[in-house]
Amino acid sequence: MPKLYLLRHAEAPMSFDVNDKDRPLSLHGTAQAKNVVKSLGDIDHVLCSSARRTKMTFDALIEGGATFGKVDYLDETYNAPAGDLLSALQRCEAQNILIIAHNPGIHVLASMLVGGGDKSQVEKLNLFYDPATLSIFDCDIESWTDIQPAQNTLIDLVIPE
């Protein structure tokens with residue numbers, strides 16, 4: 001069964017001296033991303049926003065020991081709404097996919113897709129999606145074009161410290 005991993009980029013402080021797309025992670029953000037690695041499984045394809053903070057989150061995952069198949073840095077997922085993230089996902093052909101993106105789109109997508117799982121985790125997922133939050137779904141589908149709202153099982157919700 002295909003797995004979908006949805007990761008909000010790690011902590012990146014606001015800065016009025018830097019364009020939003022160019023904001024870097026904080027040191028704490030780098031540590032947050034590295035701590036997520038232990039929850040990642042075999043991921044064949046990564047869809048990563050082209051923003052600096054999402055790229056740095058991806059790099060921190062690698063530094064933390066994660067290995068991935070293909071990675072695509074996509075301008076279309078920078079601050080994208082859930083529908084655009086879903087469209088990018090539906091074009092994928094890999095088995096297990098990680099999307100690294102931004103709020104509110106990544107949170108809305110996770111809330112939209114969840115159809116079952118541990119009630120307390122589903123409630124937490126619906127309440128907030130802090131930086132470096134990771135949701136992991138089992139998706140009972142043949143192809144990513146088949147993914148539907150409220151039909152996927154939340155198998156883990158990793159909330160950073």
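Listed here are the residues, each with its yes/no results for (1) β-branched (V, I, T); (2) surrounded by 18 or more Cβ atoms within 10 Å (Cβ to Cβ).
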| site | (1), (2) |
| --- | --- |
| H45 | no, yes |
| R52 | no, yes |
| T57 | yes, yes |
| L61 | no, yes |
| A66 | no, yes |
| T77 | yes, yes |
| A80 | no, yes |
| G83 | no, no |
> Regarding D72, is this residue over 26 Å from S15 (Cα atoms) and not in a loop (DSSP other than H, G, I, E, B)?
Replying inline: yes
Expected single match for within 21 Å of M1 (Cα to Cα) and open to solvent by 40 Å² or more (accessible area, probe 1.4 Å) among K70, K119 is K70
The lone condition Y129 fails out of (1) without any contact (Cβ under 8 Å) to a residue 60 or more places away in the chain; (2) in a loop (DSSP other than H, G, I, E, B) is (1)
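Please determine, by comparing only the residues of region 1-17 that are aliphatic (A, V, I, L, M) and either assigned to a helix (DSSP H, G or I) or within 30 Å of I141 (Cα to Cα) (or both), which one is most open to solvent (accessible area, probe 1.4 Å).
Here the residue is M1.
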Considering region 121-161, residues that are of a type in the set (S, T, Y) and in contact with a helix residue (DSSP H, G or I) (Cβ under 7 Å, 6 or more places away or on another chain), and then whichever is farthest from T57 (Cα to Cα), we arrive at T145
If we ask which residues in region 92-126 are under 19 Å from D42 (Cα atoms) and either hydroxyl-bearing (S, T, Y) or not in a strand (DSSP E or B) (or both), their number turns out to be 5
Pairing a residue in region 77-91 that is farther than 20 Å from K55 by Cα with any residue that is part of a helix (DSSP H, G or I) and open to solvent by less than 30 Å² (accessible area, probe 1.4 Å), where Cβ atoms lie under 9 Å and the two sit 6 or more apart in sequence or on different chains, gives G83/G105; G83/L109; Q90/W144; R91/W144
Next on the checklist: Looking for something farther than 17 Å from I136 by Cβ and in contact (Cβ under 8 Å) with a residue 60 or more places away in the chain - is there at least one such residue anywhere in region 18-25?
Outcome noted: no
Selection over region 132-157 where residues are open to solvent by less than 30 Å² (accessible area, probe 1.4 Å) and not in a helix (DSSP H, G or I) yields a count of 12
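The values are calculated or read from the model by the stated rules, or taken from the named source; none is laboratory data. Computed from a predicted model, the values in this text were never measured in an experiment. Reconstructed Cβ throughout: ideal geometry from the backbone, glycine too, with neighbour counts over all protein chains shown. The protein model used for the area step is the full one, side chains on, heavy atoms only, and it has no ligands, DNA or RNA in it. Shrake-Rupley method; radii C 1.70, N 1.55, O 1.52, S 1.80 Å.
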